[in-house]
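What follows is a set of notes on a single structure, which appears directly below.
The values are calculated or read from the model by the stated rules, or taken from the named source; none is laboratory data. A quick note: this is a predicted structure, and the numbers were derived from the prediction, not measured. Because the Cβ atoms are built from the backbone with ideal geometry, glycine has one as well, and the counts that use them run over all protein chains shown. Each accessible area value is taken on the protein alone, full model and side chains, heavy atoms only, with ligands, DNA and RNA left out. Shrake-Rupley method; radii C 1.70, N 1.55, O 1.52, S 1.80 Å.
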Amino acid sequence: MALVTTTEMFRKAYEEGYAIGAFNVNNMEIVQGIVEAANELKSPVILQVSAGARKYANHTYLTKLVEAAIAESDIPIALHLDHGDSFELCKDCIDGGFTSVMIDGSKYGFEENIELTKKVVEYAHAHGVVVEAELGKLAGIEDDVNVSDADAQFTNPNEVEEFVTRTGVDSLAIAIGTSHGAYKFKPGQKPQLRFDILDEVARRLPGFPIVLHGASSVSQEYVKIIQENGGNLADAIGIPEDMLRQAAKSAVCKINIDSDLRLAMTAGIRKVLFEKPEAFDPREYLKVGRANVKDVVAHKIKTVLGSEGKAL
């Protein structure tokens, strides 16, 4: 099966009340873990690449890894640019074989965001590629994205219709209380998503796919393993999975998951190297990290996303 866009994925997800997992990839083992889980559970999946991942692993290496994943599976896979911050970066990914790109103009004012997003949409649609944009600002840190709590702001539902109409964008990431990274909340702070905002956005954009960023749950199991094996992740806390499942049953068609994969991979590697400090074969510890990634993705598909068995 060839790479696909997210258009049909999202249409089916919206109608049937589930979401597609968009998992960030950085190396071969992460790609393998994600795709093996999705393939076994017959779930469509989005492999997404950040600007930081492209700098680390190289555009060509990453796209070839995704091509290998397609050859080894029979599920719909989309290749998506996560948090593209410029027209030039989006264009490079479109020209380089991505089937979906995100242009993140949320750091700009409303009119500038529209202008930049519309420019990307026009180029992408002319090349058969779909576009995600963002309205509102999520707090937290992820690769090149760094927004303080003071600068974060919820999406204004009064702006979504005009934004979508004027840009022609295909999906919209909104800010309703999720946050990038493992340290999403201050100690003692209770995670809470603004479902009132989500419901109002869905009312104003009927049938339109909504995206949640910063939606890792930060598994305390892996946090504990890391801490027990020389790491320090005190106070790391994520979004409760029942809240994410509720969102997936609504207008949310794409849920981004990155920190959970990093924690799983790191926990596996730390455990092996802590227990066997003489280990020097990368295959020995990376395969444990890969297995953890696979377990996390399988869990998300079955428990959070509801996309098991939904491959077209």
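Observations on the model:
- Residues considered: V211, V272. Of these, the only one that is buried (at least 17 other Cβ atoms within 10 Å of the Cβ), under 30 Å from A175 (Cα atoms) and touching a residue at least 12 places away in the same chain (Cβ under 8 Å) is V211.
- Filter pass, E221 being at pLDDT below 95, part of a helix (DSSP H, G or I), open to solvent by 60 Å² or more (accessible area, probe 1.4 Å) and farther than 25 Å from G136 by Cα: yes
- Looking at I255, I239, just one residue is more than 24 Å from E40 (Cβ to Cβ) and among the β-branched types (V, I, T), and that residue is I239.
- Filter pass, E40 being more than 22 Å from A19 (Cβ to Cβ), of a type in the set (D, E, K, R) and at pLDDT 95 or above: no
- A22 being of a type outside the set (K, R) and more than 23 Å from S171 (Cβ to Cβ): no
- Qualifying position, being within 17 Å of H213 (Cα to Cα), of a type in the set (A, V, I, L, M, F, W, C) and out of contact with any Leu (no Cβ under 7 Å at 6 or more places or on another chain), among I46, I103, I94: I46
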